[in-house]
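In what follows, a single structure is set out as structure tokens and then discussed.
The values are calculated or read from the model by the stated rules, or taken from the named source; none is laboratory data. Worth saying up front: this structure is predicted, and the values here are computed from it rather than measured. For neighbour counting, all protein chains shown are included, and Cβ atoms are generated from backbone atoms with ideal geometry for every residue, glycine included.
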Amino acid sequence: MRVTGIPSDQFEHYRCGGADANGQAPLVATASGSRNPCRHCLGLIDEGEPMLILNYRPFAGAPQPYSESGPIFLHQAACARYDQAELPTWFVGLDPAAIRGYGANDWMRYETGQIVRGPDLAQIAATILENENAAYVHIRSKFGCFQCRVDR
Ligand SMILES: [Zn+2]
């Protein structure tokens with residue numbers, strides 16, 4: 001299993017004020033509370049740190065009916081892209097989370113979609129990736145916010 005944050009070239013684009021999925025510059029805010037995940041390093045942004053809020057479409061290519069976009073947070077400061085064989089440990093606190101597979105055409109695979117408890121995410125992701133119709137997995141929060149992508 002390969003778990004990744006958003007590509008670093010996209011992260012740099014947004015850090016430089018580049019347009020988001022809505023065609024708007026990212027908002028700069030100060031992190032409040034302890035549950036503001038950066039989708040590049042997949043770490044939690046420390047309270048009081050500057051962060052970016054923007055609308056993100058986690059799919060390559062032209063928009064299509066299943067390429068939904070939604071709000072994400074990013075560190076404003078530079079950070080290292082997450083690229084590991086396991087989920088970040090804090091994902092156990094995503095309770096529940098939405099998880100589903102996508103086909104190679106980036107269309108959602110309805111048979112894979114589930115709402116699961118955080119501690120079960122890794123096992124469910126592995127099970128979805130055993131389905132040859134699923135090219136990759138997306139994990140989202142209970143609010144529908146994209147968290148990360150998981151590949152075989
Ligand atoms: Zn970060």
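Within segment 7-31, can you find the residues that are part of a loop (DSSP other than H, G, I, E, B) and more than 19 Å from residue 94 (Cβ to Cβ)?
So the first thing to find is which residues in segment 7-31 are part of a loop (DSSP other than H, G, I, E, B), and the list is 7, 16-26, 31.
Answer for segment 7-31, where residues must be part of a loop (DSSP other than H, G, I, E, B) and more than 19 Å from residue 94 (Cβ to Cβ): 7, 16, 17, 18, 19, 20, 21, 22, 23, 24, 25, 26.
Regarding segment 96-119, can at least one residue be identified that is among the small types (Gly, Ala, Ser), under 16 Å from residue 3 (Cβ atoms), surrounded by fewer than 15 Cβ atoms within 10 Å (Cβ to Cβ) and at pLDDT 95 or above?
No, that holds for no residue.
So is residue 64 among the polar types (S, T, N, Q), within 16 Å of the ligand (Cβ to nearest atom) and closer than 26 Å to residue 106 by Cα or not? Talk me through it step by step, then tell me what you get.
Details: among the polar types (S, T, N, Q): yes; within 16 Å of the ligand (Cβ to nearest atom): no; closer than 26 Å to residue 106 by Cα: yes.
In short, no.
For the list (1) in contact with a Leu (Cβ under 7 Å, 6 or more places away or on another chain); (2) in the same structural domain as residue 28 (by TED's automatic domain parsing), I need the number of the one condition that residue 137 fails.
(2)
Considering (1) within 18 Å of residue 69 (Cβ to Cβ); (2) touching a residue at least 60 places away in the same chain (Cβ under 8 Å), say which one residue 19 fails and leave the rest.
(2)
Out of curiosity, is residue 114 over 26 Å from residue 54 (Cβ atoms) and either of a type in the set (Ser, Thr, Tyr) or not in a strand (DSSP E or B) (or both)?
no
Go through (1) at pLDDT 95 or above; (2) out of contact with any helix residue (DSSP H, G or I) (no Cβ under 8 Å at 6 or more places or on another chain) for residue 33 and report which single condition fails.
(1)
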